[in-house]
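The values are calculated or read from the model by the stated rules, or taken from the named source; none is laboratory data. Because the structure is predicted, anything quoted here is derived from the model rather than measured. All Cβ positions, glycine included, derive from the backbone under ideal geometry; neighbour counts span all protein chains shown. For accessibility, only protein heavy atoms count, side chains too; no ligands or nucleic acids. Shrake-Rupley method; radii C 1.70, N 1.55, O 1.52, S 1.80 Å.
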Amino acid sequence: MNAGDVCAILDNLIAGPYNWLKSERSALPPNWEVRTSKSRGIDYYFNRVTGESVWEPPSAEKEVEMRASHILAKHIQSRNPMSWKKVPIERTPEEAKEKVRDIRQQIIGKPVGDETEEELEARMPAKEKLARFAKLAAEESDCSSARHNGDLGFFGRGKMQKAFEQAVLSLKVGQISGPVKSDSGYHIILRTK
């Protein structure tokens, strides 16, 4: 091995990680860059034009847009155990889960006989379901989206907590989830688009 070989090896060792990082970043759609979160110390993706930031790498493919409403029951272990109503949260995680179960039942009703909750929900007129959901979201949700009847507007992949996003994607439009656990608490979710 001569000095030229050693220099080539060193160049590859030094440039290799940089080239990998450069190719990783160049695979991002236009206007996106990788930044490091000051609070979490991990990389996230930032769009210089829109100001949007997401944890998951953005895709150049057409973004999946979804829309949902939700009702959130926070608990003492929630990442921010305070309601938008300025009321400290004192319920346990189990109580929060039970609360959203009860709210779901208030929306769709109780099954009779051999009927399942899914069958009961499927028979319910969409407008009635949406109206009941909106009313209870405004009254019961611990999320500030209660001011909008639980409506979160349109969002794409990587914008919500992973468990929440996966639950929305698993629902058909017009379907209400069972209890969904996230860092924020327990949700029931109505997919609207």
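Details
- Among the candidates GLN77, GLN106, residue that is closer than 15 Å to TYR186 by Cα and at pLDDT 90 or above: GLN77
- Selection within the stretch 140-193: residues that are of a type in the set (Lys, Arg) and within 26 Å of TYR45 (Cβ to Cβ). The member of this set that is surrounded by the most Cβ atoms within 10 Å (Cβ to Cβ) is ARG191.
- Any helices (runs of 4 or more DSSP H) falling wholly within the stretch 91-141 and containing at least 1 residues that are farther than 30 Å from GLN77 by Cα: 117-123, 126-140
- Long-range neighbours under 8 Å by Cβ, at least six apart or interchain, first residue closer than 18 Å to ARG123 by Cα within the stretch 164-193, second open to solvent by 60 Å² or more (accessible area, probe 1.4 Å) and basic (Lys, Arg): VAL173/LYS193; GLY178/ARG101; ARG191/ARG67; ARG191/LYS172; THR192/ARG67
Every residue, every condition in (1) in contact (Cβ under 8 Å) with a residue 40 or more places away in the chain; (2) open to solvent by less than 50 Å² (accessible area, probe 1.4 Å); (3) assigned to a loop (DSSP other than H, G, I, E, B), yes or no:
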position: PRO58; (1), (2), (3): yes, yes, yes
position: ARG67; (1), (2), (3): yes, no, no
position: HIS70; (1), (2), (3): yes, yes, no
position: SER78; (1), (2), (3): yes, yes, yes
position: LYS86; (1), (2), (3): no, no, yes
